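Colleague: So that we are looking at the same thing, I have put the structure below in structure tokens.
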Amino acid sequence: MEFYRSQVLCCTGTGCTSSGSNAIVRAFEYEIEQAGIDKEIKVVPTGCFGLCETGPVVIIYPEGSFYSRIKVEDVPRIVSEHLVKGRIVRDLLYSESLDEKENILSLNEVEFYKKQKRVALRNCGVIDPENIDEYIAFDGYKALAKVLTEMTPEAVVECVKQSGLRGRGGGGFPTGLKWSLAQKPVSDIKYVCCNADEGDPGAFMDRSVLEGDPHCVLEAMMIAGYAIGAQQGYIYVRAEYPIAVKRLRIAIGQAKEMGLLGDDIFGTGFNFDIDIRLGSGAFVCGEETALLASIEGERGEPRPRPPFPAVKGLFGKPTLLNNVETYANICQIILNGAEWFAGMGTEKSKGTKVFALGGKINNTGLVEIPMGTTLREVIYDIGGGIPDNKGFKAAQTGGPSGGCIPVEHLDIPIDYDNLISIGSMMGSGGMIVMDEDNCMVDIAKFFLDFTVDESCGKCPPCRIGTRRMYEMLEKITEGRGEPGDLEKLEQLGKNIKASALCGLGQTAPNPVLSTIRYFRDEYEAHINEKRCPAGVCKALLSYSIDPEKCIGCSLCSRVCPAGAISGEIKKTFAIDQSKCIKCGACMEKCKFKAISVG
Amino acid sequence: MKSIQELEAIRKKTLESINLRKDTEGTRIVVGMATCGIAAGARPVLTAFMDEAAKRNLQHVVVAQTGCIGVCRLEPIVEVYQPGKEKVTYVKVTPDMVGKIVTEHIVNGNPVTGYTIGYYEAHSK
Ligand SMILES: Cc1cc2nc3c(=O)[nH]c(=O)nc-3n(C[C@H](O)[C@H](O)[C@H](O)COP(=O)(O)O)c2cc1C
């Protein structure tokens, strides 16, 4: 047996990898060898810890010391001080892991983790995702063993039903019900598919699960296969997730080698195999019928439902499709029981949900919270609030299908139904926080730009309708808005929602409709007063020099790239609005705060 | 994989090598490894504890190091923490004392009185 006195866990998720964690891993290995303690200390690359903002992050056990923003130059010091001499390097610790008295807190006491409940992410940042033994050590494949030897397929479906789990891919469809629909049809061939296309801008929880705990998805798909009577699984994962794809491949290879995938698993006669299919970045391919068409090698376009995939799916056979995070909950439900899972969350939304926090928030990263946690808790307690003490304006959830949640709903418990009732939706769990400097019309335009781009073009309401909406927003942000535009936008939005073929078009108007609902005055300021209150829409901005404050130093005129500022030294300067390109360079340079924008 | 027993065997074996990531309830053997400890020969003591733990397949045992405990003249110092019990402090520990500490204290639960700080202070005068 190998016995280590200390283990150095380095996050190698995509976030930390891009901030250089691979070099950190190598530096630790090198320094530890140089110090002659490589037999005592193990370096373990793991999945995402969630605090991506402060990456690369490293945790050293048994102390549980949480180091953040580690640079290669810091590694020798950590090795010689912490690992050789047992002295924790305090100045490199994650700052919030020290309390006022400078006591070191354990990870679970840090605000960022305190209110979290990690179910889907429980192994992320804890195990080495490329080592199946570590997964097994943390009860991996135990749920599969239990299902195959102790439960009937009906009992499995019943357990998932009782848990109250709902689809985490966006729609929130009850998972148990979906499994029973796929179980019913009699067919010699059925398929289990996993949706790892994760197209919502800003969402990356599925990627983190695949990178940090790939086996939990494989195991859940096998359980689903047993439950519905399928022997083949497909994971549809976007090619833009190379680390996830690589770790999935390794995981599948290791599971096959151990006989956990393949024929006669655990000697029970159950056979199951899993293959990977790569998507190439079309958002619409996340929609279930388009995804199945893409796996078949067809063009990724949605088709009308019914027939639903549970009846007629991949290659015309009954097919079960679930999202990565949905699967990531399954093994825990089997092992701990449906009541355990149903004991978390709200009446109609059970369990936990992972959110990708982004935008104007201090702790950008991944958080997993019990359903029913309030938005205020997520943003202020876990997320650490908004940078520079700016005011909260809104949170956008549900990506291009969702909407904005304004200040007045900060205390609403987050669950599927509450979010829909206030005009947003859970979506896949992207949460973008906006402060007073964000223009809501501009945000709506951003999301619509995305849908216009991603519309597959099959149905006219989406292909033409979203473009017309986009053009209207463009007009408004450029100062050409007219009275009546808002009503037109609302009418068109409603029509698109009612008539588009698939979820993409049916939800595309949401970002516009919800911002009009809560920030109508901001739209009206753009249209009626030709003014952008947040100071974002360039065409509506004008820079001016306050003659009271200007001392005539000429710095602004020298920095202006358009030659729009003129004046005499020691007298007041002025901006020629017809030449100004609104780059803001003058305002940045002025030492006397004499230039303002409005 | 042909049987659940096989799975269980892998689980047990791997858990031993990673339990320090989740185990806070087990025994902690803490070796003072500041400059004073290292100078007095703490490193071979530390590795002896690790070898012993590995050899005996000890579960729920963490061998860790700490900084200066404060009584530098008695280094190498080793402290054993077990849940629900007073910690036991061993002083002037040498590698050949390690086997006895592990067998009698860690495995059988009887601290080796003769090696403890109290005994040393009472008898060294
Ligand atoms: C345009 C569009 C994009 C979608 N993208 C995704 C996606 O990236 N990932 C995902 O899991 N579900 C996505 N969905 C939802 C899927 O169609 C499907 O409902 C989901 O994968 C079912 O799994 P679940 O019940 O476990 O949530 C998308 C739907 C639409 C309409």
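Colleague: Name the single residue, out of those in segment A:189-210 being among the charged types (D, E, K, R) and within 16 Å of the ligand (Cβ to nearest atom), that is modelled with the lowest pLDDT.
Modeller: So the residue we want is A:D200.
Colleague: Can you tell me which residues in segment A:47-90 are within 14 Å of chain B (Cβ to nearest Cβ) and closer than 29 Å to A:R207 by Cα?
Modeller: If the condition is that a residue be within 14 Å of chain B (Cβ to nearest Cβ) and closer than 29 Å to A:R207 by Cα, then A:G47, A:F49, A:V58, A:I59, A:I60, A:Y61, A:P62, A:E63, A:G64, A:S65, A:F66 are the ones that fit.
Colleague: Between B:K12, B:K2, which is under 26 Å from A:V8 (Cβ atoms) and out of contact with any Cys (no Cβ under 7 Å at 6 or more places or on another chain)?
Modeller: On the way: B:K2 fails: under 26 Å from A:V8 (Cβ atoms).
From the options B:K12, B:K2, the qualifying one is B:K12.
Colleague: Condition test on A:Y241, is it more than 14 Å from chain B (Cβ to nearest Cβ) and within 14 Å of the ligand (Cβ to nearest atom)? Break it down stepwise before answering.
Modeller: Details: more than 14 Å from chain B (Cβ to nearest Cβ): yes; within 14 Å of the ligand (Cβ to nearest atom): yes.
For A:Y241, the condition - more than 14 Å from chain B (Cβ to nearest Cβ) and within 14 Å of the ligand (Cβ to nearest atom) - is met.
Colleague: Additional query: Let me spell it out: the conditions are (1) assigned to a loop (DSSP other than H, G, I, E, B); (2) more than 19 Å from the chain's Cα centre (by Cα), and A:E240 meets all of them except one. Which number is the exception?
Modeller: (2)
Colleague: Let me ask something else. Suppose we keep only residues that are under 22 Å from the mean Cα position of the chain (by Cα), away from chain B (no Cβ under 14 Å) and closer than 16 Å to A:E211 by Cβ within segment A:17-46. Which one would you say is surrounded by the fewest Cβ atoms within 10 Å (Cβ to Cβ)? Please lay out each step first, then the result.
Modeller: Step one: list which residues in segment A:17-46 are under 22 Å from the mean Cα position of the chain (by Cα), which gives A:17-21, A:45-46.
Among the residues that remain, those that are also away from chain B (no Cβ under 14 Å) are: A:17-21.
From what's left, closer than 16 Å to A:E211 by Cβ: A:17-19, A:21.
Values: A:T17: 21, A:S18: 12, A:S19: 19, A:S21: 23.
Per the stated criteria, the residue is A:S18.
Colleague: Conditions: (1) surrounded by fewer than 18 Cβ atoms within 10 Å (Cβ to Cβ); (2) in contact with a Pro (Cβ under 8 Å, 6 or more places away or on another chain); (3) without any contact (Cβ under 8 Å) to a residue 40 or more places away in the chain. B:P95 meets all but one. Number of the miss?
Modeller: For B:P95, the failing item is (3).
Colleague: Taking the condition facing chain A (nearest Cβ under 8 Å) and on the phi < 0 side of the Ramachandran plot, does B:R43 pass? Before the answer, list the steps.
Modeller: Working: facing chain A (nearest Cβ under 8 Å): no; on the phi < 0 side of the Ramachandran plot: yes.
No.
Colleague: Please pick out the residue among A:A525, A:A508 that is away from every other protein chain (no Cβ under 14 Å), modelled with pLDDT of 90 or more, surrounded by 16 or more Cβ atoms within 10 Å (Cβ to Cβ) and within 16 Å of the ligand (Cβ to nearest atom).
Modeller: Numbers: A:A525 fails: within 16 Å of the ligand (Cβ to nearest atom).
Going through A:A525, A:A508 in turn, the sole match is A:A508.
Colleague: Further question on the same structure: Exactly one of (1) more than 11 Å from the ligand (Cβ to nearest atom); (2) free of Cβ contacts under 8 Å to residues at least 60 places away in the same chain; (3) within 24 Å of the chain's Cα centre (by Cα) is unmet by A:V186. Its number?
Modeller: The number of the failed condition is (3).
Colleague: I would also like to ask the following. Quickly run through segment B:25-69 and pick out the residues that are in a loop (DSSP other than H, G, I, E, B) and of a type in the set (D, E). Lay out the reasoning, then the answer.
Modeller: Taking segment B:25-69 and keeping what is in a loop (DSSP other than H, G, I, E, B), we get B:25-26, B:33-34, B:40-41, B:56-60, B:67-69.
B:E25 - this is the single residue of segment B:25-69 that is in a loop (DSSP other than H, G, I, E, B) and of a type in the set (D, E).
Colleague: Also: Condition first: closer than 21 Å to A:S80 by Cα and either within 8 Å of chain A (Cβ to nearest Cβ) or in contact with a Lys or Arg (Cβ under 7 Å, 6 or more places away or on another chain) (or both). Now tell me which residues in segment B:50-75 satisfy that.
Modeller: Quick first cut of segment B:50-75, residues closer than 21 Å to A:S80 by Cα only: B:50, B:62-70, B:72, B:75.
Hits for segment B:50-75 are B:M50, B:V62, B:V63, B:A64, B:Q65, B:T66, B:G67.
Colleague: Could you say which residue among A:V43, A:V25, A:V84 is in contact (Cβ under 8 Å) with a residue 24 or more places away in the chain, among the hydrophobic types (A, V, I, L, M, F, W, C) and part of a helix (DSSP H, G or I)? Lay out the reasoning, then the answer.
Modeller: Working: A:V43 fails: part of a helix (DSSP H, G or I); A:V25 fails: in contact (Cβ under 8 Å) with a residue 24 or more places away in the chain.
Exactly one residue qualifies, and that residue is A:V84.
Colleague: Can we say A:F112 is closer than 26 Å to A:R376 by Cβ, of a type in the set (F, W, Y) and part of a helix (DSSP H, G or I)? Before you say what the answer is, go through the steps one by one.
Modeller: Working: closer than 26 Å to A:R376 by Cβ: yes; of a type in the set (F, W, Y): yes; part of a helix (DSSP H, G or I): yes.
Yes; evaluated as a whole, the condition is true for this residue.
Colleague: Then there's this: So which of A:A328, A:A310 ends up being under 26 Å from A:G50 (Cβ atoms), in the same structural domain as A:P185 (by TED's automatic domain parsing) and within 15 Å of the ligand (Cβ to nearest atom)? Break it down into steps so the answer makes sense when it comes.
Modeller: Numbers: A:A310 fails: under 26 Å from A:G50 (Cβ atoms).
After ruling out the rest, the residue left standing is A:A328.
Colleague: Hey, another quick one. Do you know which of the residues in segment B:58-76 that are over 12 Å from the mean Cα position of the chain (by Cα) and among the aliphatic types (A, V, I, L, M) is surrounded by the fewest Cβ atoms within 10 Å (Cβ to Cβ)?
Modeller: B:V71
Colleague: Can you tell me which residues in segment A:289-300 are away from the ligand (no atom under 11 Å from the Cβ) and either crowded, with 16+ Cβ neighbours inside 10 Å or more than 23 Å from A:E240 (Cα to Cα) (or both)?
Modeller: Taking segment A:289-300 as the starting set, the residues that turn out to be away from the ligand (no atom under 11 Å from the Cβ) are A:293-299.
Residues satisfying the conditions are A:A293, A:S294, A:I295.
Colleague: Looking at A:L248, A:L210, A:L218, A:L181 in this structure, which one is farther than 18 Å from A:N329 by Cα, in the same structural domain as A:E288 (by TED's automatic domain parsing) and in contact (Cβ under 8 Å) with a residue 24 or more places away in the chain? Before the answer, list the steps.
Modeller: Details: A:L248 fails: farther than 18 Å from A:N329 by Cα; A:L210 fails: farther than 18 Å from A:N329 by Cα; A:L218 fails: farther than 18 Å from A:N329 by Cα.
Testing whether each residue is farther than 18 Å from A:N329 by Cα, in the same structural domain as A:E288 (by TED's automatic domain parsing) and in contact (Cβ under 8 Å) with a residue 24 or more places away in the chain leaves just A:L181.
Colleague: Separate question: Being of a type in the set (G, A, S) and assigned to a loop (DSSP other than H, G, I, E, B): is that true of A:S187 here?
Modeller: Numbers: of a type in the set (G, A, S): yes; assigned to a loop (DSSP other than H, G, I, E, B): yes.
Yes; evaluated as a whole, the condition is true for this residue.
Colleague: Looking at A:A182, A:A145, which one is part of a helix (DSSP H, G or I), of a type in the set (G, A, S) and more than 14 Å from chain B (Cβ to nearest Cβ)?
Modeller: Working: A:A145 fails: more than 14 Å from chain B (Cβ to nearest Cβ).
Testing whether each residue is part of a helix (DSSP H, G or I), of a type in the set (G, A, S) and more than 14 Å from chain B (Cβ to nearest Cβ) leaves just A:A182.
Colleague: Considering only residues of segment A:259-288 that are within 16 Å of the ligand (Cβ to nearest atom) and in a loop (DSSP other than H, G, I, E, B), which is surrounded by the most Cβ atoms within 10 Å (Cβ to Cβ)?
Modeller: Narrowing segment A:259-288 to residues within 16 Å of the ligand (Cβ to nearest atom): A:276-288.
With in a loop (DSSP other than H, G, I, E, B) added as a condition, the list becomes A:280-282, A:287.
Working: A:S280: 10, A:G281: 12, A:A282: 19, A:E287: 26.
Among them, the one singled out is A:E287.
The values are calculated or read from the model by the stated rules, or taken from the named source; none is laboratory data. This one's a predicted model, so the numbers in the text were calculated from it and none came from an experiment. Note that each Cβ is placed from the backbone with ideal geometry, even for glycine, and that neighbours are counted across all protein chains shown.
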